[in-house]
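Enquirer: Below is the structure I would like to discuss, written out as structure tokens.
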Amino acid sequence: MSTPETSRFVRIRVELVLEVDDEEAVTGAALQALADDTELSDAERTDSERAVTEDTAEALAHLVDPFDLVSVVPGVELRQASWSSEQIDYDPDSPGWDLDEDDGGENDPEDEEMTVG
């Protein structure tokens, strides 16, 4: 009897819905993070600053980093991550917002996906 090989790779899917109470604070934090990022070229920094200033969802995408979620987990190394952000209409009582089902519908965060890796 042979033992089937198991993959060492695991995909974890997370969907978050955040309520932004202070857009200026989010934008300010994103601008500060960009200012502190020494790896950005001037052109990248200018484009990113414009994007986070114009769109709070874009500012959040610069602040929420999947690498931070697993950096303290022993024995793992993040190989690839993707995340997206978009402004949405949210109704927690709507059946369309059932987090237990993966319908791939309009609430699916695959629209403006950022891939790192």
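The values are calculated or read from the model by the stated rules, or taken from the named source; none is laboratory data. Because the structure is predicted, anything quoted here is derived from the model rather than measured. Positions of Cβ are backbone-derived with ideal geometry, glycine not excepted, and every protein chain shown enters the neighbour counts. The area values use the complete protein model at the heavy-atom level, side chains included, leaving out ligands, DNA and RNA. Shrake-Rupley method; radii C 1.70, N 1.55, O 1.52, S 1.80 Å.
Enquirer: Does region 38-54 hold any residues that are polar (S, T, N, Q) and either open to solvent by 60 Å² or more (accessible area, probe 1.4 Å) or over 18 Å from the mean Cα position of the chain (by Cα) (or both), and which are they?
Expert: THR38, SER41, THR46, THR53
Enquirer: Starting from residues that are assigned to a loop (DSSP other than H, G, I, E, B) and among the small types (Gly, Ala, Ser), keep the ones in region 68-81 and report whichever is farthest from the chain's Cα centre (by Cα).
Expert: Applying the filter and picking the extreme gives GLY75.
Enquirer: While we're on this one: Show the residue pairs meeting these rules: Cβ distance below 6 Å; 6+ apart or different chains; first residue within region 62-86 and closer than 13 Å to VAL14 by Cβ; second residue charged (D, E, K, R) and not in a helix (DSSP H, G or I).
Expert: SER82/GLU113; SER84/GLU112; SER84/GLU113
Enquirer: Any idea which residue in region 72-94 is modelled with the lowest pLDDT, counting only those that are loosely packed, with under 11 Cβ neighbours inside 10 Å and of a type in the set (Gly, Ala, Ser)?
Expert: Among residues in region 72-94 that are loosely packed, with under 11 Cβ neighbours inside 10 Å and of a type in the set (Gly, Ala, Ser), the one modelled with the lowest pLDDT is SER94.
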